[in-house]
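Notes follow once the structure below has been shown.
The values are calculated or read from the model by the stated rules, or taken from the named source; none is laboratory data. No experiment lies behind these values; they were computed from the predicted model shown. Ligands, DNA and RNA are excluded from the accessible area calculation, which covers all protein heavy atoms including side chains. Shrake-Rupley method; radii C 1.70, N 1.55, O 1.52, S 1.80 Å.
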Amino acid sequence: MKPIHWKDAWFPIEDVTYLNFAAHAAIPRVALDAVQSSVAAKMRPHIVDDRSFFSVAASLRQTLATLIEANPDEVALTSGAGAGLAAIAYALTWSRGDEVVIPRGEFPVQHATWKPMEAREGIKVRIAVPHGQFIQSDDLVAAMTPSTRVVSVSHVRFDDGSMLDVSSLAAACKRNGTLLVLDVSQSCGAIPMDVRSLGADFIVCAGYKYLLSPWGTGFLWTRKETLDSLRPGPYNWLSQGVESFSRLNFVNPEPSPGLSRWDSAEAASVYNFNLTVMEASAKFVLDAGPALIRDHNQALIEYLFERLPDGYRLASPRQASRRGVFGCIETGSRAHTESLYQTLRDEGFVVALREGKIRVAPHLLSSTQDMDRLLIVMAKASHVAH
């Protein structure tokens, strides 16, 4: 699947230049066909047999597993990164005094997950402070103590695009007896990924970014053998080996031996419109190839960085190997950066403003012509400011 013009794989966005995939991805055309089939199935539910009922979830689980070099039974279908983090927080066995390390300024889902566990379980959340401009593995390692049970962090930061050296952090966590929880929402689908090479113990992901999926989708990964060390809890009843609704087990039902036990309740169905879109979009990403997506997007950001007008500075790492597939810029002051952001929006450029930085997040439908038009507006805005 290699369209001559990748832009044709999306619905036309003619009124703006959309450079905001790190916030909300525009779904590709193939997703519309998928959701229409799902709606049709719900309109005429008699056409769906028990086997078809579960087919979308099975296909999606396989696609996600292929994307991250995992096994399908190690993937749970969730409603987002937050749902995955919550499942992990409740499943771990805690001791009073255990510590969870998160970086300063991390995406709010980290604080929202771990901070309440202080009152619930008697643990302590420690904040790792970067010694340089960007958080690095060494900063997290320095914050660890013998009591650190979990390090929870993003693979790629939402507010500056910096990418963590996960392998070195995972090795340090293993030496310390610490679990590593990695949020890959800003990288999965846009960067080639092998979960075993990364070395994290748990991976969570939202689907609405680089998996090109709707809000309310995502996944959770861990090794199947990890389940034996986790606390028992409620599970998705559809994971009880249900293959036919005429033969349900009411005597001794057991959850799936794999991660499907942690699927969001009632998610795994052909009638779940979000799931059908995610299945089609994830296949689109897999067919296009995360390596191609990475190379295309990083080339556009490199093009932008090399041509920044006077008055602008990088707010992301300069080296492509140290950042994800989007880039952030800023001006001399936060107020001026915020003013520039509004100017760009007024001129039809959909970018994001995050923590005083302008985030530019293209995708395969984006081009150097888009970057050129963006640079022209930036240069004019800089000239007016001076």
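When the chain is modelled as a GNM with alpha-carbon springs shorter than 10 Å, which of HIS155, HIS363, HIS46 fluctuates the most?
HIS46
Any chance you could list P(r) for segment 82-177, counting all Cα-Cα pairs in 5 angstrom bins from zero, rounded to whole %?
2, 13, 26, 25, 22, 10, 2
For the chain, what is the relative contact order in percent, using Cα pairs closer than 8 Å and at least 6 residues apart in sequence? Provide the component values of the computation, followed by the final result.
Details: 743 pairs, mean separation 93.9, N = 386.
After rounding, I find 24 percent.
Per residue, how big is the convex hull around the C-alpha atoms of the chain? Give it to me in cubic angstrom, could you?
Numbers: hull volume 54.9 nm³, N = 386.
It comes to 142 Å³ per residue, whole-number rounded.
Students often forget the sequence filter, so: which aspartates and glutamates lie under 19 Å Cα-Cα from LYS124 once same-chain residues fewer than 8 apart are removed?
Within the straight-line cut-off, LYS124 pairs with ASP98, GLU99, GLU106, ASP139.
Identify which of LEU77, LEU364, LEU211 has the largest mean-square fluctuation in a Gaussian network model of the chain, with springs joining Cα atoms closer than 10 Å.
Largest GNM mean-square fluctuation: LEU364.
Springs between alpha-carbon atoms under 10 Å, Gaussian network over the chain: tell me which of ARG359, ARG294, ARG345 tops the mean-square fluctuations.
With Cα springs under 10 Å in the chain, the top fluctuation among ARG359, ARG294, ARG345 is at ARG345.
So how do MET144, MET371, MET43 rank on accessible area, 1.4 Å probe, biggest first, that is with the largest at the start?
Details: MET144 30, MET371 0, MET43 145 Å².
Output order, biggest surface exposure first: MET43, MET144, MET371.
For LYS124, LYS209, LYS174, give me the order by solvent-accessible area with a 1.4 Å probe, most accessible first, ignoring ligands, DNA and RNA.
Details: LYS124 110, LYS209 20, LYS174 170 Å².
Result of the area sort, largest leading: LYS174, LYS124, LYS209.
At a probe size of 1.4 Å, how large is the accessible area of ARG354, to the nearest 10 Å²?
80 Å²
For LYS357, list the lysines whose Cα falls under 25 Å from its own Cα; do not include residues on the same chain fewer than 8 positions away.
Result set, ordered by chain and number: LYS209, LYS380.
Once the convex hull of the C-alpha atoms of segment 311-386 is built, how many Å³ does it hold per residue, rounded to a whole number?
Numbers: hull volume 7.0 nm³, N = 76.
Cα-based convex hull of segment 311-386, divided per residue, equals 92 Å³.
Among DSSP bridges having both ends in the chain, what percentage is antiparallel? Round to the nearest 5. Mind dumping the intermediate values first?
Numbers: 20 of 40 bridges.
For the chain, the DSSP antiparallel bridge percentage is about 50.
What per residue convex hull volume, in Å³, comes out for segment 223-373 when only alpha-carbon positions are used? Each step should come with its number before you reach the end.
Values: hull volume 29.2 nm³, N = 151.
For segment 223-373, the hull spanned by Cα atoms encloses 193 Å³ per residue.
Can you give the log10 of the normalised intensity I(q)/I(0) at q = 0.17, 0.24 Å⁻¹, computed with Debye over equal Cα scatterers of segment 1-105?
Computed log10 I(q)/I(0) values: -1.16, -1.34.
Lysines within cross-link reach of LYS42: Cα-Cα under 24 Å, excluding same-chain residues under 8 positions apart?
Partners found: LYS283.
Kirkwood-based Rg over Rh for segment 155-194 (C-alpha set), two decimals? Show your work: numbers first, answer last.
Details: Rg = 11.2 Å, Rh = 11.1 Å.
Ratio of gyration radius to Kirkwood radius: 1.01.
Determine how large the accessible area of GLU347 is when every protein chain is in place; take a 1.4 Å probe and give Å² rounded to the nearest 10.
Rounded to the nearest 10, that gives 110 Å².
Normalised by the residues of segment 1-125, what does the relative contact order come to in percent, with Cα pairs under 8 Å and at least six apart? Mind showing how you got there, number by number?
Values: 66 pairs, mean separation 18.5, N = 125.
Once divided by the residue count of segment 1-125, the mean separation gives 15 percent.
Across segment 178-240, how large is the tail of the calculated P(r) beyond 15 Å, expressed as a percent of all Cα pairs?
On the way: 1168 of 1953 pairs.
Roughly 60 percent, rounded to a whole number.
Show ILE135, ILE376 ordered by accessible area, largest first, where the area counts protein heavy atoms only and the probe is 1.4 Å. The partial results should precede the final answer.
Working: ILE135 20, ILE376 95 Å².
So the residues, ranked largest to smallest area, are ILE376, ILE135.
Solvent-accessible area of SER167, probe 1.4 Å, all protein chains present, reported in Å² to the nearest ten, please.
60 Å²
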